[in-house]
Amino acid sequence: MSKYEKILIVLLFGTLWGALELFGRDLFRAIGMPQKSALLFGLGIIILYASKRLVHFPGSVAIMALIAGLFKIASANFYPCQFAAVMINGIVFDITYSIFKERLNRSLMYRAIAAPVIVYVSYAMFASVATYVLRQEPWASAGWVGIRSFLLADAVSASLISIVTIHLGYYLGNAIQPHALLSKLRIPTVAFRIVSVVLVAAIWIAGQIY
(Lines give C-alpha, C1' and ligand atoms only; values in the text may rest on other atoms or scores of the structure.)
Protein backbone atom coordinates (compact mmCIF):
# COMPACT_ATOMS: atom_id res chain seq x y z
CA MET A 1 0.00 0.00 0.00
CA SER A 2 1.44 3.38 -1.01
CA LYS A 3 1.72 6.37 1.31
CA TYR A 4 -0.95 8.10 -0.76
CA GLU A 5 -3.42 5.29 -0.13
CA LYS A 6 -2.62 5.29 3.59
CA ILE A 7 -3.30 9.03 3.76
CA LEU A 8 -6.58 8.55 1.90
CA ILE A 9 -7.72 5.81 4.29
CA VAL A 10 -6.91 7.91 7.36
CA LEU A 11 -8.68 10.91 5.80
CA LEU A 12 -11.71 8.81 4.81
CA PHE A 13 -12.11 7.09 8.17
CA GLY A 14 -11.55 10.34 10.06
CA THR A 15 -14.25 11.98 7.96
CA LEU A 16 -16.64 9.06 8.54
CA TRP A 17 -16.01 9.35 12.27
CA GLY A 18 -16.75 13.09 12.17
CA ALA A 19 -19.94 12.43 10.21
CA LEU A 20 -21.01 9.83 12.76
CA GLU A 21 -20.49 12.31 15.59
CA LEU A 22 -22.31 15.13 13.80
CA PHE A 23 -25.23 13.37 12.14
CA GLY A 24 -25.51 10.46 14.56
CA ARG A 25 -25.83 12.62 17.65
CA ASP A 26 -28.64 14.68 16.17
CA LEU A 27 -30.38 11.58 14.82
CA PHE A 28 -30.31 9.88 18.22
CA ARG A 29 -31.53 13.07 19.86
CA ALA A 30 -34.39 13.38 17.36
CA ILE A 31 -35.63 9.85 18.02
CA GLY A 32 -35.21 10.21 21.77
CA MET A 33 -32.44 7.64 22.05
CA PRO A 34 -31.04 7.44 25.61
CA GLN A 35 -27.29 7.13 26.26
CA LYS A 36 -26.35 8.91 23.02
CA SER A 37 -22.68 9.30 23.95
CA ALA A 38 -22.39 5.62 24.87
CA LEU A 39 -23.85 4.46 21.56
CA LEU A 40 -21.72 6.90 19.56
CA PHE A 41 -18.61 5.73 21.39
CA GLY A 42 -19.45 2.11 20.65
CA LEU A 43 -20.09 2.79 16.97
CA GLY A 44 -16.92 4.89 16.82
CA ILE A 45 -14.87 1.94 18.08
CA ILE A 46 -15.85 0.06 14.92
CA ILE A 47 -14.37 2.81 12.75
CA LEU A 48 -11.23 3.15 14.88
CA TYR A 49 -10.40 -0.54 15.02
CA ALA A 50 -11.18 -1.12 11.34
CA SER A 51 -8.86 1.75 10.43
CA LYS A 52 -6.03 0.23 12.47
CA ARG A 53 -6.44 -3.10 10.67
CA LEU A 54 -6.05 -1.23 7.38
CA VAL A 55 -3.40 1.36 8.25
CA HIS A 56 -1.39 1.17 11.44
CA PHE A 57 1.25 3.69 12.38
CA PRO A 58 1.61 5.50 15.72
CA GLY A 59 -0.75 8.45 15.76
CA SER A 60 -3.00 7.35 12.87
CA VAL A 61 -6.16 7.40 15.00
CA ALA A 62 -5.08 10.62 16.72
CA ILE A 63 -4.89 12.18 13.24
CA MET A 64 -8.34 10.75 12.48
CA ALA A 65 -9.60 12.32 15.70
CA LEU A 66 -8.24 15.69 14.59
CA ILE A 67 -9.96 15.29 11.20
CA ALA A 68 -13.23 14.32 12.91
CA GLY A 69 -12.89 17.27 15.28
CA LEU A 70 -12.25 19.67 12.39
CA PHE A 71 -15.32 18.25 10.65
CA LYS A 72 -17.38 19.21 13.70
CA ILE A 73 -15.74 22.64 13.97
CA ALA A 74 -16.61 23.33 10.33
CA SER A 75 -20.27 22.62 11.00
CA ALA A 76 -22.73 24.94 12.71
CA ASN A 77 -23.22 22.47 15.57
CA PHE A 78 -19.84 22.76 17.29
CA TYR A 79 -19.20 22.46 21.02
CA PRO A 80 -15.67 22.50 22.52
CA CYS A 81 -16.44 19.59 24.85
CA GLN A 82 -17.38 17.39 21.87
CA PHE A 83 -14.10 18.22 20.15
CA ALA A 84 -12.26 17.34 23.37
CA ALA A 85 -14.16 14.04 23.64
CA VAL A 86 -13.24 12.99 20.10
CA MET A 87 -9.56 13.87 20.59
CA ILE A 88 -9.35 12.05 23.91
CA ASN A 89 -11.08 8.95 22.52
CA GLY A 90 -8.72 8.87 19.55
CA ILE A 91 -5.55 9.34 21.57
CA VAL A 92 -6.51 6.73 24.20
CA PHE A 93 -7.41 4.17 21.54
CA ASP A 94 -4.24 4.92 19.57
CA ILE A 95 -1.97 4.44 22.58
CA THR A 96 -3.77 1.27 23.69
CA TYR A 97 -3.60 -0.31 20.24
CA SER A 98 0.04 0.64 19.72
CA ILE A 99 1.07 -0.98 23.02
CA PHE A 100 -1.10 -4.11 22.84
CA LYS A 101 -1.47 -4.55 19.07
CA GLU A 102 -0.47 -8.23 18.85
CA ARG A 103 -2.57 -9.30 21.83
CA LEU A 104 -5.61 -7.35 20.67
CA ASN A 105 -5.46 -8.80 17.17
CA ARG A 106 -4.85 -12.33 18.41
CA SER A 107 -7.30 -12.66 21.29
CA LEU A 108 -11.06 -12.13 21.39
CA MET A 109 -10.89 -12.18 25.18
CA TYR A 110 -8.17 -9.53 25.24
CA ARG A 111 -10.30 -7.25 23.06
CA ALA A 112 -13.28 -7.81 25.35
CA ILE A 113 -11.16 -6.78 28.34
CA ALA A 114 -9.57 -3.83 26.55
CA ALA A 115 -12.88 -2.28 25.47
CA PRO A 116 -14.14 -1.21 28.93
CA VAL A 117 -10.63 -0.09 29.91
CA ILE A 118 -10.50 2.20 26.86
CA VAL A 119 -13.99 3.47 27.70
CA TYR A 120 -13.28 4.27 31.34
CA VAL A 121 -9.94 5.96 30.68
CA SER A 122 -11.47 8.04 27.89
CA TYR A 123 -14.59 8.92 29.88
CA ALA A 124 -12.67 9.82 33.04
CA MET A 125 -10.27 12.06 31.10
CA PHE A 126 -13.10 13.74 29.19
CA ALA A 127 -15.23 14.37 32.27
CA SER A 128 -12.25 15.85 34.11
CA VAL A 129 -11.35 18.13 31.18
CA ALA A 130 -14.96 19.26 30.70
CA THR A 131 -15.35 19.96 34.43
CA TYR A 132 -12.04 21.48 35.47
CA VAL A 133 -10.40 22.73 32.27
CA LEU A 134 -13.16 23.79 29.85
CA ARG A 135 -15.52 24.61 32.74
CA GLN A 136 -18.49 23.69 30.57
CA GLU A 137 -22.00 23.57 31.97
CA PRO A 138 -23.48 21.47 33.43
CA TRP A 139 -20.11 19.82 34.14
CA ALA A 140 -18.62 22.75 36.04
CA SER A 141 -21.57 23.16 38.39
CA ALA A 142 -21.91 19.42 39.03
CA GLY A 143 -18.22 18.93 39.81
CA TRP A 144 -17.09 15.56 41.12
CA VAL A 145 -20.68 14.40 41.62
CA GLY A 146 -21.31 14.82 37.89
CA ILE A 147 -18.12 12.97 36.99
CA ARG A 148 -19.01 10.08 39.29
CA SER A 149 -22.53 9.87 37.88
CA PHE A 150 -21.13 9.89 34.34
CA LEU A 151 -18.75 7.03 35.12
CA LEU A 152 -21.44 4.99 36.88
CA ALA A 153 -24.04 5.40 34.13
CA ASP A 154 -22.83 6.39 30.66
CA ALA A 155 -19.45 4.68 30.99
CA VAL A 156 -21.09 1.39 31.98
CA SER A 157 -23.38 1.51 28.93
CA ALA A 158 -20.49 2.44 26.64
CA SER A 159 -18.41 -0.43 28.03
CA LEU A 160 -21.12 -3.00 27.37
CA ILE A 161 -21.69 -1.71 23.84
CA SER A 162 -17.95 -1.50 23.09
CA ILE A 163 -17.32 -5.07 24.20
CA VAL A 164 -19.42 -6.07 21.17
CA THR A 165 -18.43 -3.36 18.69
CA ILE A 166 -14.67 -3.70 19.19
CA HIS A 167 -14.93 -7.16 17.64
CA LEU A 168 -17.04 -5.79 14.78
CA GLY A 169 -14.29 -3.28 14.06
CA TYR A 170 -11.67 -6.03 14.05
CA TYR A 171 -13.60 -8.23 11.62
CA LEU A 172 -14.63 -5.31 9.42
CA GLY A 173 -11.01 -4.24 9.08
CA ASN A 174 -10.02 -7.77 8.10
CA ALA A 175 -12.82 -7.96 5.55
CA ILE A 176 -11.94 -4.72 3.74
CA GLN A 177 -8.17 -4.97 3.50
CA PRO A 178 -7.68 -2.70 0.45
CA HIS A 179 -5.49 -4.88 -1.76
CA ALA A 180 -7.44 -8.07 -1.10
CA LEU A 181 -10.77 -6.30 -1.62
CA LEU A 182 -9.66 -4.48 -4.77
CA SER A 183 -8.29 -7.73 -6.16
CA LYS A 184 -11.53 -9.61 -5.50
CA LEU A 185 -13.66 -6.85 -7.04
CA ARG A 186 -11.11 -6.21 -9.79
CA ILE A 187 -11.14 -2.48 -9.08
CA PRO A 188 -8.05 -0.53 -10.27
CA THR A 189 -6.11 1.32 -7.57
CA VAL A 190 -6.74 4.62 -9.33
CA ALA A 191 -10.50 4.02 -9.08
CA PHE A 192 -10.15 3.43 -5.34
CA ARG A 193 -8.31 6.72 -5.00
CA ILE A 194 -10.88 8.65 -7.02
CA VAL A 195 -13.83 7.15 -5.15
CA SER A 196 -12.18 7.89 -1.79
CA VAL A 197 -11.54 11.55 -2.67
CA VAL A 198 -15.07 12.02 -4.02
CA LEU A 199 -16.61 10.37 -0.95
CA VAL A 200 -14.59 12.52 1.45
CA ALA A 201 -15.50 15.68 -0.47
CA ALA A 202 -19.20 14.72 -0.54
CA ILE A 203 -19.30 14.11 3.22
CA TRP A 204 -17.59 17.43 3.98
CA ILE A 205 -20.01 19.27 1.70
CA ALA A 206 -22.93 17.54 3.43
CA GLY A 207 -21.54 18.63 6.78
CA GLN A 208 -21.34 22.24 5.61
CA ILE A 209 -24.88 22.19 4.23
CA TYR A 210 -26.18 20.54 7.40
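Below is a table of values for the structure above.
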item	result
Any chance Glu102 is farther than 18 Å from Val61 by Cα and acidic (Asp, Glu)	no
Enumeration of residues in region 10-40 that are touching a residue at least 60 places away in the same chain (Cβ under 8 Å) and closer than 15 Å to Asp94 by Cβ	Trp17
Residue within region 67-89 that is under 16 Å from Thr165 (Cα atoms) and touching a helix residue (DSSP H, G or I) at 6+ places or on another chain (Cβ under 7 Å) present	yes
Some residue of region 161-168 being in contact with a Lys or Arg (Cβ under 7 Å, 6 or more places away or on another chain), part of a helix (DSSP H, G or I) and modelled with pLDDT of 85 or more	yes
Residue list for region 29-61, filter: under 19 Å from Val156 (Cα atoms) and either modelled with pLDDT of 90 or more or of a type in the set (Ser, Thr, Tyr) (or both)	Ser37, Ala38, Leu39, Leu40, Phe41, Gly42, Leu43, Gly44, Ile45, Ile46
Answer from Arg148, Arg111 - the residue that is within 20 Å of Trp17 (Cβ to Cβ), among the basic types (Lys, Arg) and either surrounded by fewer than 21 Cβ atoms within 10 Å (Cβ to Cβ) or more than 15 Å from the chain's Cα centre (by Cα) (or both)	Arg111
Residue within region 76-84 that is small (Gly, Ala, Ser), more than 20 Å from Ala50 (Cβ to Cβ) and surrounded by fewer than 18 Cβ atoms within 10 Å (Cβ to Cβ) present	yes
For Thr15: the one exception among (1) under 26 Å from Asn174 (Cβ atoms); (2) at pLDDT 95 or above; (3) surrounded by fewer than 22 Cβ atoms within 10 Å (Cβ to Cβ)	(3)
When residues of region 158-176 are limited to those that are within 25 Å of Ile9 (Cα to Cα) and free of Cβ contacts under 8 Å to residues at least 60 places away in the same chain, the one surrounded by the fewest Cβ atoms within 10 Å (Cβ to Cβ)	Ala175
Unique match (being of a type in the set (A, V, I, L, M, F, W, C), in contact (Cβ under 8 Å) with a residue 12 or more places away in the chain and either assigned to a helix (DSSP H, G or I) or crowded, with 21+ Cβ neighbours inside 10 Å (or both)) among Ile99, Ile95, Ile63, Ile73	Ile63
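The values are calculated or read from the model by the stated rules, or taken from the named source; none is laboratory data. Values in this document were obtained by computation on a predicted structure and should not be read as measured data. Note that we place each Cβ from the backbone using ideal geometry, even for glycine, and neighbour counts take in every protein chain shown.
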